[in-house]
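What follows is one structure encoded as structure tokens, with my remarks underneath.
Any read-out appearing in this document is the output of simple, stated calculations on the displayed coordinates, not a laboratory observation. Everything numeric in this text was worked out from a predicted model, so none of it was measured. All Cβ positions, even for glycine, are placed from backbone atoms using ideal geometry, and neighbour counts span all protein chains on display.
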Amino acid sequence: MYDEIFNNLEKQLPSSELNELRSKAIHLGIFSEPYLTYMLEDKITIESRFSKNKMMPYNQIAKDDIVIVKKSSGDVLSYFTIKDVLFFDLNTTSIEGIKSKYNKQLCVDETFWINKKNSSYATLIIIDKLFNLKPFHVNKKGMQTWIKLKESN
């Protein structure tokens, strides 16, 4: 999938940008509506992932990594650089504390917090620069919502 994505990026980006991307860790994130649109419109400045178990991207991403943005059941639409990342063990950190501090940047409603109340882990990804792309298809199989495509050089 990494090669498929970079073959498409080669058609859209200058070689200097491609070389910089190739030197970084690359992730594929799957995003659903309405959060995808909020992100593309710069309304969301922090992407969140909550889970019951320690699963991607929890403790598997870092500042300056690249996230390729793919619409759930759709095309790759953009990518962004991670400005910073915060990991929370919700057994020791209050989800209410996260809600009160980051709710505005997450652009979520009360239903979101109700659905996440039984989570044990949270990853907050602070978005640095978002770059829109001409949409393209990749052959992703499976139900994963986060895949690490490449480690940094």
Checklist entry - What are the aspartates and glutamates whose alpha-carbon lies under 12 Å from the alpha-carbon of Lys129, with same-chain residues fewer than 8 places away excluded? => result Asp42, Asp64, Asp65, Asp84
Checklist outcome for this item: Measuring from the longest principal axis of the C-alpha atoms of the chain, the long axis of helix 95-106 (C-alpha) lies at a number of degrees, nearest 10, equal to 40 degrees
Checklist entry - From the Cα gyration tensor of the range 2-150, with a ≥ b ≥ c the square roots of its eigenvalues, which class applies: rounded if a/c is under 1.5, or else prolate if a/b is larger than b/c, or else oblate? => result prolate
Next on the checklist: Which one, Ser120, Leu21, Val76, projects farthest toward the positive side of the charge dipole computed for the chain from Cβ point charges (K/R +1, D/E -1)?
Outcome noted: Ser120
Item to check | Spacing of the two label points (7 Å from each Cα toward its C-beta) at Met143 and Ser119, in nm | outcome: 1.8 nm
Next on the checklist: Nearest 500 deg cm²/dmol is fine: what mean residue ellipticity at 222 nm does the chain get from its DSSP H runs of n ≥ 4 alone, each adding -39,500 (n - 2.57), divided by its residue count?
Outcome noted: -7500 deg cm²/dmol
Checklist entry - Which net charge results when you count Lys and Arg as +1 and Asp and Glu as -1 among the other residues whose beta-carbon is under 15 Å from that of Asn153? => result 0
Next on the checklist: A 29 angstrom limit on the alpha carbon distance is what I want to check against. Which of Lys104/Lys141; Lys99/Lys134; Lys63/Lys141; Lys52/Lys134; Lys117/Lys150; Lys52/Lys104 exceed it?
Outcome noted: Lys104/Lys141; Lys99/Lys134; Lys52/Lys134; Lys117/Lys150
Checklist entry - To the nearest 20 debye, what charge dipole does the chain have about its Cα centre, counting +1 at the Cβ of each Lys and Arg and -1 at the Cβ of each Asp and Glu? => result 340 debye
Item to check | Relative contact order (percent, whole number), the range 2-150, Cα cutoff 8 Å, 6+ residue spacing | outcome: 37 percent
Checklist outcome for this item: Amide H proximity to Phe136 below 5 Å, modelled H, separation 5+ or other chain, gives Val76
Item to check | Total formal charge among the other residues, if their Cβ is under 13 angstrom from that of Thr111, Lys/Arg +1 and Asp/Glu -1 | outcome: +1
